[in-house]
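A.B. asks: What follows is a structure written as C-alpha cells; I'll ask about it next.
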Amino acid sequence: DTGVSQDPRHKITKRGQNVTFRCDPISEHNRLYWYRQTLGQGPEFLTYFQNEAQLEKSRLLSDRFSAERPKGSFSTLEIQRTEQGDSAMYLCASSPGTQYQETQYFGPGTRLLVL
Amino acid sequence: AQSVSQHNHHVILSEAASLELGCNYSYGGTVNLFWYVQYPGQHLQLLLKYFSGDPLVKGIKGFEAEFIKSKFSFNLRKPSVQWSDTAEYFCAVNPRGGAGSYQLTFGKGTKLSVIP
C-alpha cells in the first residue's frame, strides 16, 4: 500500500509530557497537511507544507504545537507539555503539489489520549 | 472564513432506501467541494469532488452530488443504499485560489447507519 502512513497509530501519555507524531506522505507528493479531529467534529486544519517550507502555521492551536518537514519528505508534529484538551485524532494528508486544484489524501491518523 | 454545515448528525435507513445528505457552505468566492467517507475502522477516503464543469458529479460506489451555486449547497445522493454504506460522511470545501486555498474546511459529519 502506498498511501499516507502515520506512526504511531495510538499514543497514551501523561499530562505535561511531550509527544511526537510522524507522517509519511504518498511518494512524490509535495504538499503535506496536518489536521486535528475531536469527537463529534470534522477535521480541523492545523498547518501545511510545500516541500520543506511551512507555508501556513497560524492555525496551530498554541505555541506548544510545532511541525517540521526537514527534507521535504516525512513530517513530524510535536506537542509539548501536553494537556488533556489535546486528546484527539491527529490526521496527516498529502497532495501532489503540481496542480492548482488538488485532492488531499488522508492517512489513518494518530489517536492521542492525554491522562 | 468559510464554514460548512451538515444538517443531519445521524441518519438511519433500511437497505434499498434512497439517501440524501445535506451540505451547505458559507464562502463568498469560488470553491472546490468534496465529500469524504470514513468506514468503521478505516481512514478518510475521497468519495467525490467538484472543481468545475458539470455540477452533477459522480463518485465511487454509486454516489453522486449536485453543486447548486445559488444555494451554496453540495448534497450527496445515492438511489439505493446498502449495508456496506454504513459510515460517516464529511463534506469539505476549500477556496479556489487566494489565502486558505490549501486548507480544507470540514462539516461535522453525518453518521449513516444502514439496517439490513
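A.B. asks: I need the phi-derived Karplus couplings for region B:48-58: 6.51 cos²θ - 1.76 cosθ + 1.60, θ = phi - 60°, integer Hz, Gly and Pro marked x.
C.D. replies: Running phi through 6.51 cos²θ - 1.76 cosθ + 1.60 with θ = phi - 60° gives 6, 8, 10, 10, 6, x, 3, x, 9, 10, 10 Hz.
A.B. asks: Just checking the output field for B:100-108: average partner chain Cβ neighbours within 10 Å of each residue's Cβ?
C.D. replies: Shielding by partners across B:100-108 averages 6.
A.B. asks: What does the net charge come to around residue A:86 if you take all other residues with beta carbon closer than 10 Å to its beta carbon, with K and R at +1 and D and E at -1?
C.D. replies: Net local charge, residue A:86 excluded: +3.
A.B. asks: Now, a different point. Return the whole-Å distance between the Cα centroid of region A:1-36 and the Cα centroid of region A:70-101.
C.D. replies: Region A:1-36 and region A:70-101 have Cα centres spaced 6 Å from each other.
A.B. asks: Could you sort B:56-65, A:39-48, A:11-20 so that the peptide with the highest average Cβ count within 10 Å comes first and the rest follow in order?
C.D. replies: Order by mean packing, descending: A:39-48, B:56-65, A:11-20.
A.B. asks: Here is a further query. Counting only other chains, what is the mean number of Cβ atoms within 10 angstrom of the Cβ of each residue in peptide B:82-94?
C.D. replies: Average neighbour count from other chains, rounded to a whole number: 1.
A.B. asks: I've got another one for you. If you plug each phi of region B:17-34 into the Karplus form 6.51 cos²θ - 1.76 cosθ + 1.60 with θ = phi - 60°, what whole-Hz ³J(HN,Hα) values come out, in order, with x for Gly and Pro?
C.D. replies: Result, ordered by residue: 6, 8, 10, 9, 10, x, 8, 10, 10, 10, 5, x, x, 7, 10, 9, 10, 9 Hz.
A.B. asks: Also, I was wondering about something else. How high is the FRET efficiency between residue A:62 and residue B:113 when r is their beta carbon distance and R₀ equals 30 Å, given to the nearest 0.05?
C.D. replies: 0.25
A.B. asks: Tell me the relative contact order for chain A as a rounded percent, counting alpha carbon contacts under 8 Å between residues six or more apart.
C.D. replies: Over chain A, the number comes to 36 percent.
A.B. asks: With θ taken as phi - 60° and the coefficients 6.51, -1.76 and 1.60, list the Karplus ³J(HN,Hα) couplings across region A:49-59 in order, rounded to whole Hz; mark glycine and proline as x.
C.D. replies: 10, 10, 6, 8, 7, 8, 8, 8, 9, 5, 8
A.B. asks: Work out the mean other chain Cβ neighbour count within 10 Å for the residues of A:57-67 and drop it here as an integer.
C.D. replies: Counting Cβ atoms of other protein chains within 10 Å of each residue's Cβ and averaging gives 0.
Each reported figure results from applying straightforward, stated rules to the coordinates on display, with no laboratory input. Nothing here was measured: the structure is a model prediction, and the numbers come from that model. Cβ atoms come from the backbone with ideal geometry, glycine included; neighbour counts cover every protein chain shown.
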